[in-house]
1. Just to be sure before I move on: is Leu96 crowded, with 16+ Cβ neighbours inside 10 Å and either at pLDDT 95 or above or under 15 Å from Thr215 (Cβ atoms) (or both) in the structure I sent?
2. Consider only pairs whose beta carbons are under 7 Å apart and that are at least six residues apart or on different chains; among these, list those whose first residue lies in the range 238-256 and is in the same structural domain as Gln292 (by TED's automatic domain parsing) and without any contact (Cβ under 8 Å) to a residue 40 or more places away in the chain and whose second residue is open to solvent by 50 Å² or more (accessible area, probe 1.4 Å) and not in a helix (DSSP H, G or I).
3. Take the conditions aromatic (Phe, Trp, Tyr) and either within 12 Å of the ligand (Cβ to nearest atom) or under 13 Å from Tyr197 (Cβ atoms) (or both) and apply them to Phe286. Does it pass?
4. Which residue is most open to solvent (accessible area, probe 1.4 Å), if the candidates are limited to the range 180-208 and must be more than 10 Å from the ligand (Cβ to nearest atom), under 23 Å from Thr29 (Cβ atoms) and out of contact with any helix residue (DSSP H, G or I) (no Cβ under 7 Å at 6 or more places or on another chain)?
5. Residues to consider are Val263, Val253, Val239; find the one that is surrounded by fewer than 17 Cβ atoms within 10 Å (Cβ to Cβ), within 16 Å of the ligand (Cβ to nearest atom) and over 20 Å from the mean Cα position of the chain (by Cα).
6. Quick one: in the range 176-208, of everything that is among the charged types (D, E, K, R) and outside any strand (DSSP E or B), which residue is farthest from the chain's Cα centre (by Cα)?
7. Look at Thr297 and say whether it is hydroxyl-bearing (Ser, Thr, Tyr), within 15 Å of the ligand (Cβ to nearest atom) and under 30 Å from Ser95 (Cα atoms).
8. Criterion first (without any contact (Cβ under 8 Å) to a residue 40 or more places away in the chain and not aromatic (Phe, Trp, Tyr)) does Glu228 satisfy it?
Amino acid sequence: MAYKIAIIGGGWYGCHIGLALQSLQMDVTVFEKADRPLHYASGNNQFRLHQGFHYARHHGTRIQSRDGFIRFTERYPNLSAPIKQNLYAVPRETSLMDFDTYKLIMVSSGIPFVEMPEGSPYLTNIDGVIKTDERVILLDNARNYFSQRLKGNLHLNTAVEAVSNSEDGVVINGVRYDYAIDATWGHYTKPPIKLIYEPTILLYYETSHDMPAVTFVDGPLSSVYPTEDPSIFTLSSVVHTPLGQFSTPEEAVRTRDDVTGAVSLAKRQAMEAQISENFPKFRDYFRFAGVQLAIKTKPVGNFDDRSCYVYRDRRLFSVLSGKIDTVFFAVERILASIETEQSNAGTPSIGPIKGDILQRELADKF
Ligand SMILES: Cc1cc2nc3c(=O)[nH]c(=O)nc-3n(C[C@H](O)[C@H](O)[C@H](O)COP(=O)(O)OP(=O)(O)OC[C@H]3O[C@@H](n4cnc5c(N)ncnc54)[C@H](O)[C@@H]3O)c2cc1C
């Protein structure tokens with residue numbers, strides 16, 4: 001049956017879910033309040049197509065990333081590109097785990113890598129280094145792809161302001177839909193778990209050298225990763241990238257919008273000092289180019305759960321993404337929930353088994 005479905009938010013999640021449901025002949029409308037798709041977190045992040053190497057402390061996230069990476073490269077062959085040299089390094093003094101433990105965790109999750117016993121000439125004071133095949137997401141291609149494929153079903157400059165949810169459907173801006181999906185990363189409805197809204201600052205750097213991507217693991221460490229332009233990299237730090245932690249999106253938005261030049265200078269000094277501890281010539285190879293501001297929505301917890309969750313309240317789903325590679329998981333959960341509801345509609349929960357019980361006179365047989 002072709003359901004009429006509304007999606008709130010045209011980030012990676014809203015666009016991917018919209019396209020997937022559209023290809024199943026559903027009547028999809030995506031509402032995006034900005035004037036282009038992938039404008040918010042989906043257009044302001046490190047653009048890394050993860051395989052799971054970031055998440056030594058969360059099994060579910062590693063498995064979703066490992067599988068999501070393969071599915072992403074199959075489904076969107078033109079929306080990511082390989083990285084020339086992508087290294088994960090375990091610093092001797094600051095990592096929360098040693099290199100052998102880190103490798104064991106990745107091997108046990110079936111995530112492929114190559115060990116580099118010789119290390120890297122750029123890095124010092126390292127317990128071990130691996131090379132991996134992660135990719136970079138091509139933002140501009142993705143924006144064009146979704147704009148073209150969703151065509152008239154993507155309504156830009158359209159903020160959803162009123163949602164009325166019931167057992168029979170959802171009314172949005174006065175129109176009834178069979179189902180609605182909140183893909184605003186927790187900015188419209190709040191999923192029923194404890195969330196943190198974290199305004200973030202990433203730094204852009206230019207380089208004229210052929211530099212590797214380097215991610216230091218595991219713990220509150222830093223990473224430098226290329227964008228779709230191989231001469232521009234982002235520098236991120238688990239400890240310095242956050243600008244605070246808030247329980248409402250409004251507070252996070254205010255903090256992001258109030259960032260001053262002094263704050264970004266302090267962050268720059270802190271991030272450069274941190275990465276230089278293990279990448280001593282960082283400042284010689286990279287030239288600061290500017291900042292990127294965003295807001296991250298995270299479940300409360302210390303083991304870095306970045307898996308994707310889908311919640312349902314009557315006919316309204318809300319999707320909590322972890323990363324971009326987990327978009328496939330969201331569609332599956334939504335379709336499974338709709339299928340279960342429709343397949344079981346009208347089926348009484350207790351069947352009339354008493355009618356099938358045969359009455360026989362057994363006494364004379366024994
Ligand atoms: C600093 C940082 C680095 C990251 N690095 C990576 C990385 O390297 N790799 C990775 O995979 N992930 C990364 N992530 C996570 C990734 O960016 C998110 O998981 C993903 O972009 C979330 O997509 P989304 O569609 O759920 O949300 P969003 O992209 O935020 O989209 C939500 C959309 O909803 C719209 N919206 C909100 N309210 C309304 C409304 N009322 N009506 C209509 N529209 C509305 C917004 O305008 C927005 O476009 C990073 C995130 C941050 C912040």
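The values are calculated or read from the model by the stated rules, or taken from the named source; none is laboratory data. Not measured: the values here are computed from a predicted model. Methodologically, a virtual Cβ is constructed for each residue, glycine included, from the backbone with ideal geometry; neighbour enumeration extends over all protein chains shown. Surface areas here come from the heavy atoms of the whole protein model, side chains and all, with no ligands, DNA or RNA. Shrake-Rupley method; radii C 1.70, N 1.55, O 1.52, S 1.80 Å.
1. Details: crowded, with 16+ Cβ neighbours inside 10 Å: no; either at pLDDT 95 or above or under 15 Å from Thr215 (Cβ atoms) (or both): yes.
No; evaluated as a whole, the condition is false for this residue.
2. Short answer, once both residue conditions are applied: Val238/Pro220; Val239/Pro220.
3. Details: aromatic (Phe, Trp, Tyr): yes; either within 12 Å of the ligand (Cβ to nearest atom) or under 13 Å from Tyr197 (Cβ atoms) (or both): no.
The answer is no for Phe286.
4. So the residue we want is Lys190.
5. Working: Val253 fails: over 20 Å from the mean Cα position of the chain (by Cα); Val239 fails: over 20 Å from the mean Cα position of the chain (by Cα).
Exactly one of Val263, Val253, Val239 is surrounded by fewer than 17 Cβ atoms within 10 Å (Cβ to Cβ), within 16 Å of the ligand (Cβ to nearest atom) and over 20 Å from the mean Cα position of the chain (by Cα), namely Val263.
6. Top of the filtered list is Asp178.
7. Numbers: hydroxyl-bearing (Ser, Thr, Tyr): yes; within 15 Å of the ligand (Cβ to nearest atom): yes; under 30 Å from Ser95 (Cα atoms): yes.
Taking the combined requirement at face value, the residue satisfies it.
8. Numbers: without any contact (Cβ under 8 Å) to a residue 40 or more places away in the chain: no; not aromatic (Phe, Trp, Tyr): yes.
It is false that Glu228 is without any contact (Cβ under 8 Å) to a residue 40 or more places away in the chain and not aromatic (Phe, Trp, Tyr).
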